[in-house]
Amino acid sequence: MSRVVSFSVDNKFADELENLVETSGYGNRSRFLRDASLHFAEELQRGGLDSMDEGTNVEGILVVFFQHGIEQKLHDIRHSGLIRITSYNHSSIFNNSCVDTMQAFGTAENLRTVMKQLQATQDVDRVTFVAAPLRDHGCC
């Protein structure tokens, strides 16, 4: 069952909000505000990967942009045993670089360690981790 929650804002904020809802592709303001509120609350509760307690279990997507020729180094880091990779995808990008996406699970400390190893690898351009949302129950 849904419940209506309302709040007041000034005209400038309301106009900016409408523009943000539209440009972000949301069909309606309520869904946008719900998702934004959930994201903000989770960020406050759990924090980003850098601020999570070292033993906190985290799952998410690890994204690595890199130049050709270092695939073996990345393979060795992936198979180091520090984190569990449950899904892996490699794509070539048109500007002669590559991107690997990995569904990763591990402690915050181990994920940070792997990210530092990747960032310290020559010809790795960018490493990003997107933590999966917290859920009280299954996805489906």
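Within region 119-140, work out how many residues are within 12 Å of Ile77 (Cα to Cα) and touching a helix residue (DSSP H, G or I) at 6+ places or on another chain (Cβ under 6 Å). Before the answer, list the steps.
Keep residues of region 119-140 that are within 12 Å of Ile77 (Cα to Cα), which gives 119-121.
Applying the additional criterion that residues be touching a helix residue (DSSP H, G or I) at 6+ places or on another chain (Cβ under 6 Å) yields 121.
Final tally of qualifying residues: 1.
Here is a yes/no grid of residues against (1) surrounded by 15 or more Cβ atoms within 10 Å (Cβ to Cβ); (2) touching a Pro at 6+ places or on another chain (Cβ under 7 Å); (3) touching a residue at least 40 places away in the same chain (Cβ under 8 Å); (4) outside the structural domain of Thr113 (by TED's automatic domain parsing):
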{"site": "Val5", "(1), (2), (3), (4)": "no, no, no, yes"}
{"site": "Asp15", "(1), (2), (3), (4)": "no, no, no, yes"}
{"site": "Tyr26", "(1), (2), (3), (4)": "yes, no, no, yes"}
{"site": "Arg34", "(1), (2), (3), (4)": "no, no, no, yes"}
{"site": "Leu62", "(1), (2), (3), (4)": "yes, no, yes, no"}
{"site": "Glu71", "(1), (2), (3), (4)": "no, no, no, no"}
{"site": "Ile77", "(1), (2), (3), (4)": "yes, no, yes, no"}
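Being of a type in the set (Val, Ile, Thr) and within 30 Å of Ser8 (Cα to Cα) narrows it down to one residue among Thr107, Thr113, Thr86, Thr23; which is it? Full working, then the answer.
Numbers: Thr107 fails: within 30 Å of Ser8 (Cα to Cα); Thr113 fails: within 30 Å of Ser8 (Cα to Cα); Thr86 fails: within 30 Å of Ser8 (Cα to Cα).
Result of the check over Thr107, Thr113, Thr86, Thr23: Thr23.
Can you tell me how many residues in region 15-57 are in a helix (DSSP H, G or I) and under 17 Å from the mean Cα position of the chain (by Cα)?
Initial filter on region 15-57 (in a helix (DSSP H, G or I)): 15-23, 29-46, 49-51.
So of that shortlist, the ones also under 17 Å from the mean Cα position of the chain (by Cα) come out as 35-46, 49-51.
Total satisfying the criteria: 15.
Within region 98-108, can one find any residue that is of a type outside the set (Val, Ile, Thr), farther than 18 Å from Val130 by Cα and modelled with pLDDT of 90 or more? Give the steps one after another, and end with the answer.
Pass one, region 98-108, residues of a type outside the set (Val, Ile, Thr): 98, 100, 102-106, 108.
Right, trim to farther than 18 Å from Val130 by Cα and you get 98.
Now restrict to residues that are modelled with pLDDT of 90 or more: 98.
Within region 98-108 (the criterion being of a type outside the set (Val, Ile, Thr), farther than 18 Å from Val130 by Cα and modelled with pLDDT of 90 or more), the answer is yes, since at least one residue qualifies.
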> Can you name every residue in region 103-137 that is outside any strand (DSSP E or B) and among the small types (Gly, Ala, Ser)?
Replying inline: Ala108, Ala120, Ala132
>> Suppose we filter region 76-98 for residues that are assigned to a helix (DSSP H, G or I) and under 18 Å from Ile61 (Cβ atoms); how many remain?
In response: 2
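The values are calculated or read from the model by the stated rules, or taken from the named source; none is laboratory data. For clarity, every value in this text was computed on a predicted model and none was experimentally measured. No Cβ is skipped: glycine too gets one built from the backbone with ideal geometry, and neighbour counts run over all protein chains shown.
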